Amino acid sequence: MSSVPLNLPGGLPDPAELARLASEFFATLPNGTRNPNWSAPEVGLPDIDTAPVASPYLPAGYQNASPPAPVDSAEVPQDVPANGLAQNVPQAYAAALPAIDTSPASPHGGSVPSTPYYFLGESNGYPSTKPSGGTPPDAPETPAPTAGLAQNVPQGYAAALPAIDAAPQGAPGPSTPYYFLGEASGYPSALPAGTALPDAQSYKLPGDNDLHGLLATDEPALRSGGISAARPADTGSSYYFVDPARYPGPRGSHAGALPNAAAGARPPFDVNAIRADFPILQERVNGRQLVWFDNAATTQKPQAVIDRLAYFYAHENSNIHRAAHELAARATDAYESARKKVARFLGAGSAEEIIFVRGATEAINLIAKSWGDKNIGEGDEIIVSHLEHHANIVPWQQLATAKGAKLRVIPVDDSGQVLLGEYTRLLNSRTKLVSVTQVSNALGTVVPVKEIVELAHRAGALALVDGAQSVSHMRVDVQALDADFFVFSGHKVFAPTGIGVVYGKRAVLEDMPPWQGGGNMIADVTFERTVFQPPPARFEAGTGNIADAVGLGAAIDYIERIGMENIARYEHDLLAYATHGMLLIPGVRLIGTAKEKASVLSFVLDGYQTEEVGKALNEEGIAVRSGHHCAQPILRRFGLEATVRPSLAFYNTCEEVDRMVAVVARLAAQRRTPHH
């Protein structure tokens with residue numbers, strides 16, 4: 001067929017002309033004769049709206065166009081040959097093939113699913129809610145933020161908050177839509193040299209006096225639950241942030257400052273801007289906007305991490321280290337740059353001290369199977385604390401059973417803090433390892449790990465710190481702690497699941513045998529012997545979780561842009577606010593009242609099973625954990641098998657806390673009879 005020039009205004013082809021040309025193309029076979037089976041469709045091409053559609057979940061620079069209207073099946077020839085694979089045959093033959101229907105198809109064949117989320121169906125417990133033939137439901141609208149923090153705290157308290165400045169005007173934006181790429185990833189940013197990323201000054205945090213002002217007002221959530229805002233008769237709280245002598249409570253003077261808090265000394269912090277970075281926070285559960293208070297189980301992911309994963313799979317996906325091609329180089333650079341970011345994040349001496357694993361559980365098992373198998377013998381002792389997650393108990397039990405060693409336990413006091421005096425009495429010449437958590441996942445207790453590590457070293461033992469619950473709440477410096485090992489899970493620090501980290505002192509790692517064998521961890525293999533790579537490759541057999549390691553690097557970048565000190569300060573204030581609200585509810589018993597706590601509120605409510613409280617909160621769109629939290633020994637220390645565990649993060653708000661307090665207060669008002 002002959003080519004026809006299209007000289008239309010602006011260079012844009014006319015749809016009718018395109019339709020005519022397409023009809024002529026498919027009507028003509030390669031030999032120049034007319035296809036007898038082809039008949040031109042009677043309906044012209046539909047108009048396509050090419051205007052870009054803005055997405056609240058895409059970074060600046062991205063645009064996603066409206067999808068073309070689906071082609072009616074009546075317009076497609078019905079004599080498609082069985083081998084209709086135009087994209088898989090030489091281009092010279094493509095013209096001989098009839099048109100292919102490009103309308104969306106079910107991944108499993110058959111009709112298009114009734115939901116735009118085609119991967120959700122009966123098989124996974126999420127049936128479509130869209131009626132057959134209807135239009136897809138609209139995504140939940142993102143409410144337009146108002147000035148300041150008013151929508152994120154109880155409205156009655158909004159006047160007590162300082163004025164919030166708008167985001168800095170004229171701040172340079174990234175010149176590339178791939179804002180998460182920088183020099184560490186091997187893809188230099190196009191930002192001019194010396195251009196600083198927006199820092200923590202773009203965020204605001206209520207000051208200490210503001211917090212006092214918030215707490216000075218009777219909580220509307222408590223009033224709605226029929227609970228008096230008067231402080232309970234027992235004012236001997238061990239929480240330093242609600243101690244009546246230093247924190248008078250809702251009806252006293254508010255002239256004093258919180259301990260260790262210099263008013264106005266920290267940079268501002270804008271929780272609105274942060275919440276906008278987490279698309280899942282716009283989800284609705286049971287008709288209400290999601291409140292994610294299950295952060296100790298897993299944290300949600302910012303759009304920067306989601307985008308970084310998508311970019312990796314779209315532009316860098318390859319196995320690493322072993323191929324001489326471009327994508328292997330890109331993937332290797334991205335993976336190894338993530339290792340460097342983790343080393344910096346933890347304050348490690350070098351990236352060679354960072355091993356990627358699936359999570360903190362695998363990390364502890366690696367140490368037990370490698371270092372432990374080599375260094376623990378009959379009669380040796382391993383010390384853990386009463387606070388530990390099962391992942392820091394079971395591997396050591398298994399090792400002790402196999403080796404004839406003994407597991408010893410540091411007790412805790414009634415507040416949930418370890419007893420250092422008892423710990424020193426456990427240490428002796430047989431102690432080979434002390435393995436303790438830095439923050440309790442069940443109680444939120446912050447453990448004095450620096451002192452524990454120092455005492456372990458004096459006794460000639462090595463020390464492991466489980467940082468799964470600490471790295472998202474406080475700055476960690478493994479060299480300052482002098483820990484021999486430090487482990488954490490990426491999904492607890494706003495990164496993907498399936499990625500975790502072992503930090504080990506280089507000299508210790510070099511003396512450890514590999515725990516798995518295979519590719520990547522070898523220098524040379526014959527049938528007679530194998531020479532292993534040095535750390536960390538020695539401990540990373542096979543293909544690792546490359547993409548999620550890159551996602552962990554992106555999560556670290558995100559946290560560091562906000563500032564860990566800003567995060568810790570905001571979460572401290574939020575924990576103080578939530579603790580105060582829960583203490584006002586009759587029948588609530590807080591489990592874990594140590595003075596140093598991270599953002600966990602573990603409690604039980606008289607008259608209710610924990611699962612009943614969890615269900616009532618879920619009905620209001622509030623996600624908490626109820627159960628034993630994989631920490632049965634510490635709960636049994638307090639005479640319990642389960643607690644309700646709200647756990648907070650820096651994207652949570654006072655308003656969300658009020659929603660939770662209101663539900664618990666309502667339950668308390670409905671049932672006063674304690675259960676047994």
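The values are calculated or read from the model by the stated rules, or taken from the named source; none is laboratory data. Given the structure is predicted, the values throughout are model-derived calculations rather than measurements. Every residue, glycine as well, gets a Cβ built from its backbone with ideal geometry; the counts of neighbours run over all protein chains shown. These area figures cover heavy atoms from the full protein model, side chains too; ligands, DNA and RNA do not enter into them. Shrake-Rupley method; radii C 1.70, N 1.55, O 1.52, S 1.80 Å.
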Identify all residues within the range 304-319 that are open to solvent by 70 Å² or more (accessible area, probe 1.4 Å) and part of a loop (DSSP other than H, G, I, E, B); write none if there are none. Asn317
Out of (1) closer than 25 Å to Arg625 by Cα; (2) among the aliphatic types (A, V, I, L, M); (3) not in a strand (DSSP E or B), what's the single condition that is false for Val476? (1)
Inspect the range 565-577 for any residue being within 24 Å of the chain's Cα centre (by Cα), in a helix (DSSP H, G or I) and closer than 23 Å to Ile499 by Cα and give the result as yes or no. yes
Could we say that Ser470 is open to solvent by 10 Å² or more (accessible area, probe 1.4 Å), assigned to a loop (DSSP other than H, G, I, E, B) and not aliphatic (A, V, I, L, M) here? no
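Quick grid of which residues meet (1) surrounded by fewer than 19 Cβ atoms within 10 Å (Cβ to Cβ); (2) at pLDDT 95 or above; (3) of a type in the set (Phe, Trp, Tyr):
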| site | (1), (2), (3) |
| --- | --- |
| Leu575 | no, yes, no |
| Met582 | no, yes, no |
| Lys595 | yes, no, no |
| Ser599 | no, no, no |
| Phe603 | no, yes, yes |
| Tyr608 | no, yes, yes |
| Gly627 | yes, no, no |
| Val661 | no, yes, no |
Suppose the filter is crowded, with 23+ Cβ neighbours inside 10 Å and in contact with a Phe, Trp or Tyr (Cβ under 9 Å, 6 or more places away or on another chain); does Leu648 pass it? yes
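Name the single residue that is farthest from Gly614 (Cα to Cα) among those in the range 281-303 being out of contact with any Asp or Glu (no Cβ under 9 Å at 6 or more places or on another chain) and open to solvent by 30 Å² or more (accessible area, probe 1.4 Å). Full working, then the answer.
Let us first name the residues in the range 281-303 that are out of contact with any Asp or Glu (no Cβ under 9 Å at 6 or more places or on another chain), namely 281, 283-284, 287, 294-301.
Pick out the ones that are also open to solvent by 30 Å² or more (accessible area, probe 1.4 Å) and you get 283-284, 287, 298, 301.
Details: Glu283: 19, Arg284: 17, Gly287: 17, Thr298: 17, Lys301: 23 Å.
Within the range 281-303, the match that is farthest from Gly614 (Cα to Cα) is Lys301.
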Identify, please: which residue in the range 501-530 is outside any loop (DSSP other than H, G, I, E, B) and modelled with pLDDT under 95 and is, among those, most open to solvent (accessible area, probe 1.4 Å)? Val525
Given the criterion over 29 Å from Gln516 (Cβ atoms), within 33 Å of the chain's Cα centre (by Cα) and at pLDDT 95 or above, identify the matching residue among Gln417, Gln438, Gln398. Gln417
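With respect to Ile364, determine if the residue is of a type outside the set (D, E, K, R), open to solvent by less than 10 Å² (accessible area, probe 1.4 Å), farther than 19 Å from Asn441 by Cβ and touching a helix residue (DSSP H, G or I) at 6+ places or on another chain (Cβ under 6 Å). Let's see the steps before the verdict.
Values: of a type outside the set (D, E, K, R): yes; open to solvent by less than 10 Å² (accessible area, probe 1.4 Å): yes; farther than 19 Å from Asn441 by Cβ: no; touching a helix residue (DSSP H, G or I) at 6+ places or on another chain (Cβ under 6 Å): yes.
In short, no.
Does the range 539-556 include one or more residues that are open to solvent by 40 Å² or more (accessible area, probe 1.4 Å) and in contact with a Lys or Arg (Cβ under 6 Å, 6 or more places away or on another chain)?
Looking only at the range 539-556, we keep the residues that are open to solvent by 40 Å² or more (accessible area, probe 1.4 Å), and these are 543, 545.
Checking the rest, the ones that are also in contact with a Lys or Arg (Cβ under 6 Å, 6 or more places away or on another chain) come to none.
Looking for residues that are open to solvent by 40 Å² or more (accessible area, probe 1.4 Å) and in contact with a Lys or Arg (Cβ under 6 Å, 6 or more places away or on another chain), one finds none in the range 539-556, hence no.
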Residue in the range 412-433 that is of a type in the set (A, V, I, L, M, F, W, C), assigned to a loop (DSSP other than H, G, I, E, B), crowded, with 21+ Cβ neighbours inside 10 Å and touching a residue at least 60 places away in the same chain (Cβ under 8 Å) present: no
Pairs, first farther than 22 Å from Gln469 by Cβ in the range 588-614, second among the basic types (Lys, Arg) and modelled with pLDDT of 95 or more, C-beta under 8 Å, six or more apart: Leu605/Arg589; Asp606/Arg589
Counted residues in the range 454-467 being touching a Phe, Trp or Tyr at 6+ places or on another chain (Cβ under 8 Å), part of a loop (DSSP other than H, G, I, E, B) and farther than 21 Å from Gly444 by Cα come to 0
Output for the range 367-388, where each listed residue is buried (at least 22 other Cβ atoms within 10 Å of the Cβ) and in a strand (DSSP E or B): Ile382, Ile383, Val384, Ser385
Single match in Ile585, Ile556 (criterion: assigned to a helix (DSSP H, G or I) and in contact (Cβ under 8 Å) with a residue 40 or more places away in the chain): Ile556
Inter-residue pairs, beta-carbon under 7 Å, first closer than 21 Å to Ala360 by Cβ and in the range 278-303, second of a type in the set (A, V, I, L, M, F, W, C) and loosely packed, with under 15 Cβ neighbours inside 10 Å, 6+ apart: Gln300/Ile280
Kindly list, by first and then second residue, each pair from a residue in the range 320-340 that is over 25 Å from Val502 (Cβ atoms) and surrounded by 14 or more Cβ atoms within 10 Å (Cβ to Cβ) to a residue that is aromatic (Phe, Trp, Tyr) and modelled with pLDDT of 95 or more, limited to pairs with Cβ atoms under 9 Å and residues at least 6 apart or on different chains. Arg330/Phe312
Kindly provide the set of residues from the range 373-415 that are more than 19 Å from Gln469 (Cα to Cα) and among the acidic types (Asp, Glu), ordered by number. Asp373, Glu378, Asp380, Glu381, Asp413, Asp414
